[in-house]
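This report refers to the structure that appears directly beneath it.
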Amino acid sequence: MPPFIHENSCKKCFRCVEACQSDVFFGSAKGEVPQVFYPDECWHCNACVIECPHGAMELRIPLDIEPVYQEK
């Protein structure tokens, strides 16, 4: 699943766009809330979430790649 942007928290600084290694935000207009145009290209690396100084980014990791921990 692609990153989710909380539009009310986003300050349109584009640091998430610059941090993204797979260019999922390619085509987003400066001065506006970035849009995810290529969701299938997301590597779930969390770089956009880490780079966002306003806490406006959230990454939802798909269940099929989510680590499973089971205590024995």
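The values are calculated or read from the model by the stated rules, or taken from the named source; none is laboratory data. Note that the structure is a prediction, hence the values are computed from the model and not measured. Here the Cβ is made from the backbone with ideal geometry for all residues, glycine too, and neighbour counts use every protein chain on show. Calculation scope for accessible area: heavy atoms of the full protein, side chains included, ligands and nucleic acids excluded. Shrake-Rupley method; radii C 1.70, N 1.55, O 1.52, S 1.80 Å.
Would you pick out the residues in the stretch 26-51 that are over 9 Å from the mean Cα position of the chain (by Cα) and open to solvent by less than 40 Å² (accessible area, probe 1.4 Å)?
Residues satisfying the conditions are Ser28, Val33, Pro34.
State which residue is modelled with the lowest pLDDT when the search covers only the stretch 48-72 and only residues that are closer than 16 Å to Phe4 by Cα and among the charged types (D, E, K, R).
Arg60
For the stretch 11-25, what are the residues that are part of a loop (DSSP other than H, G, I, E, B) and surrounded by 14 or more Cβ atoms within 10 Å (Cβ to Cβ)?
Selection gives Lys12, Cys13, Phe14, Cys20, Ser22, Val24, Phe25.
For the stretch 1-35, enumerate the residues that are among the polar types (S, T, N, Q) and within 14 Å of Ala56 (Cα to Cα).
Those that are among the polar types (S, T, N, Q) and within 14 Å of Ala56 (Cα to Cα): Asn8, Ser9, Gln35.
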